[in-house]
Every structure is written in C-alpha cells, then in structure tokens.
Amino acid sequence: MVDLAQFNSADCGDSLDTALDPFPHQVAVALGSNLGDSCAILEAALKQLATQPQISLQAQSPLYQTVAVGPPQPDYLNCCALFSTQLDPESFLQVLLQTEAQFGRLRRERWGPRLLDLDLLLFDDLIWQQPHLQIPHPRMVERAFVLVPLNEIAPDWIEPVSQISIRGLVQRLDSAGVLPLESGQGLLPLESNVTCEPA
C-alpha cells in the first residue's frame, strides 16, 4: 500500500522523468449511466475528462448495455477509458467527483440509478487502501460490466492484487448480461455517429 506522501516522492519521478514524459501515470476509469440520455451524458463526460489539465485520454472502449446491479432500475450504458496524467490518485479522484457533480450526480442510495457514475479502477500498479479511495477498485474483479469493456482496451493490464490480467479476469465471469451496442466504437471523436441500440 502507498500513502500520498510516498506516492509524491517515490512514484512521481524526478524533474527529468517529468520532462521526458509529462503524463507519466496510467489510469483506468469506468463510466456508467442509466438516467436521462445516457449516451449523450457519457459522451459529454468523456469529453470533459479528456480536456482537463494534466489529463490525456489514451483509449476508450465501445459502449455496452448492462443489467443494473441493486434495486429495480433501468439498464446501464457502460464503457471504460484509459488516461495518462500528472495527477496523484487523490487529485484524479477529485476530478472524477467534480465531474459527477457537474452532471447532477446525487449520492442518495447505494447502487441506485444515476445520471453519471465514474469509478477509478486502476492507477499504474498501485495497491492503495484509504477509507475514501481503494485502488484497485475493490469490486472490479467481480463486475463483468467493468471488465468486458476494459478488456477491449487493456487486456494485458495486470490487476495488482490478484496478479491476473484483465483478459484472464474476464474469462472467469459470466458476461451474458453485457451487450455491445451496434456502433462498436467509442464515444469520441464527437463527430462520429453513435447508435444507442443493443446489437
């Protein structure tokens, strides 16, 4: 496990490393929505994250329609994205929380319906346990709606707790309830057409 002080001093590298690679950290994020125009919400949220200072969008998965976990509610649209960043984990989490809030996210019911859900899944190969932030995300290995889209863009990323690749974790799960959309593409660039219908 790594605390923030150790991360800043030991993991961020020296000034030469930063000059050579201005966005040295790799981050995986899950995006989901099942209220409102979910397709448009995810598109706008991804665009907003991609234009944040010190964050660069590297890859995005296609959209999937998935059965919701928790109380009765509409199906979700889900995808994953990979970012590179200069930010430490705490700062990156704050960007995600601020983005959720800007899209009207209210945390009233655990696993309830939501306009936008952003989960920090992986940050380099960190294992980090804090009351408000756990990396890797503690339930990602159990969730096909996370692993299936993540496998599209990061199949060889090793989940650091299990030491199993994303590809290997997907093979352990039943993914029958995770349905690709007809577009078969990511949401950006925004000029592309996205068909929000199950395949």
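Within the range 64-83, the set of residues being crowded, with 21+ Cβ neighbours inside 10 Å and over 15 Å from A144 (Cβ atoms) comprises A81, F83. Checking R114, R143 one by one, the residue that is buried (at least 20 other Cβ atoms within 10 Å of the Cβ), more than 14 Å from the chain's Cα centre (by Cα) and closer than 28 Å to P180 by Cβ is R114 and no other.
Restricting attention to the range 47-68, report how many residues are part of a strand (DSSP E or B), of a type outside the set (S, T, N, Q) and under 19 Å from L87 (Cβ atoms). The total comes to 3. Looking at the structure I just gave you, is L121 touching a strand residue (DSSP E or B) at 6+ places or on another chain (Cβ under 6 Å) and either within 22 Å of I41 (Cβ to Cβ) or at pLDDT 95 or above (or both)? Yes, satisfied. Mind checking which residues of the range 114-131 are in contact (Cβ under 8 Å) with a residue 12 or more places away in the chain, over 22 Å from S61 (Cα atoms) and either assigned to a loop (DSSP other than H, G, I, E, B) or among the aliphatic types (A, V, I, L, M) (or both)? Selection gives L126, I127. From the set of residues in the range 84-118 that are among the basic types (K, R) and closer than 22 Å to L150 by Cβ, which is modelled with the lowest pLDDT? Of everything passing the filter in the range 84-118, R105 is modelled with the lowest pLDDT.
Taking the condition crowded, with 17+ Cβ neighbours inside 10 Å, of a type in the set (A, V, I, L, M, F, W, C) and either at pLDDT 95 or above or farther than 26 Å from I41 by Cβ (or both), does L187 pass? Considered against the rule, which asks whether it is crowded, with 17+ Cβ neighbours inside 10 Å, of a type in the set (A, V, I, L, M, F, W, C) and either at pLDDT 95 or above or farther than 26 Å from I41 by Cβ (or both), L187 comes out as no.
Against the numbered list (1) part of a helix (DSSP H, G or I); (2) over 21 Å from L42 (Cα atoms), L96 comes up short only at (2).
Looking only at residues that are surrounded by fewer than 19 Cβ atoms within 10 Å (Cβ to Cβ) and among the aliphatic types (A, V, I, L, M) in the range 117-140, which one is nearest to S91 (Cα to Cα)? If we take residues in the range 117-140 being surrounded by fewer than 19 Cβ atoms within 10 Å (Cβ to Cβ) and among the aliphatic types (A, V, I, L, M), then L133 is nearest to S91 (Cα to Cα). Put simply, of A81, A59 the only residue that is of a type in the set (G, A, S) and at pLDDT 95 or above is A81. Among the criteria (1) small (G, A, S); (2) part of a helix (DSSP H, G or I); (3) in contact (Cβ under 8 Å) with a residue 12 or more places away in the chain, the one G32 does not fulfil is (2).
The values are calculated or read from the model by the stated rules, or taken from the named source; none is laboratory data. What you see is a predicted model; the values in this text were computed from it and never measured. Quick reminder, even Gly has a Cβ in these numbers, built from the backbone with ideal geometry, and neighbours come from all protein chains shown.
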